[in-house]
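To start, the structure itself, in structure tokens.
The values are calculated or read from the model by the stated rules, or taken from the named source; none is laboratory data. Small disclaimer: the values here were computed from a predicted structure and weren't measured. With ideal geometry, Cβ positions are generated from the backbone for all residues, glycine too; neighbour counts draw on all protein chains shown. Surface areas here come from the heavy atoms of the whole protein model, side chains and all, with no ligands, DNA or RNA. Shrake-Rupley method; radii C 1.70, N 1.55, O 1.52, S 1.80 Å.
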Amino acid sequence: FSLFSAFTMPMIEITVNDRLGKKVRIKCNPTDTIGDLKKLIAAQTGTRFEKIVLKKWYTIYKDHITLQDYEVHDGFNFELYYQ
């Protein structure tokens, strides 16, 4: 994490919904990875981050790829699944 990237890109807010009544808003940086995002979700939901799977339609998001590489933007919705 570099201080420079924190100032160049504004934070985004994404929504995660497990369709079981748990819907969480997460503020994060576009430079965060999916793995980082899962840790933020885990902190808010009390679920272990290893158990979290993020999907949208048929895409399963991989931990090592950044949100900006996936073109995740402010207001983006993920489907939250547990493994």
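Of all residue pairs spaced 6 or more apart or on separate chains, those with beta-carbon atoms under 6 Å, a first member in region 56-81 that is in contact (Cβ under 8 Å) with a residue 12 or more places away in the chain and a second member that is part of a loop (DSSP other than H, G, I, E, B) and buried (at least 16 other Cβ atoms within 10 Å of the Cβ) are Thr66/Thr31; Leu67/Pro30; Leu67/Asp32; Gln68/Pro30; Leu80/Asp18. Applying the set (1) in a loop (DSSP other than H, G, I, E, B); (2) open to solvent by 60 Å² or more (accessible area, probe 1.4 Å); (3) at negative phi to Val72 leaves exactly one unmet item: (2). Does region 50-62 contain at least one residue that is modelled with pLDDT of 95 or more, out of contact with any strand residue (DSSP E or B) (no Cβ under 7 Å at 6 or more places or on another chain) and surrounded by 15 or more Cβ atoms within 10 Å (Cβ to Cβ)? Checked region 50-62: no residue is modelled with pLDDT of 95 or more, out of contact with any strand residue (DSSP E or B) (no Cβ under 7 Å at 6 or more places or on another chain) and surrounded by 15 or more Cβ atoms within 10 Å (Cβ to Cβ). A single member of Leu20, Leu40 is open to solvent by 50 Å² or more (accessible area, probe 1.4 Å), of a type in the set (A, V, I, L, M, F, W, C) and part of a loop (DSSP other than H, G, I, E, B), and it is Leu20.
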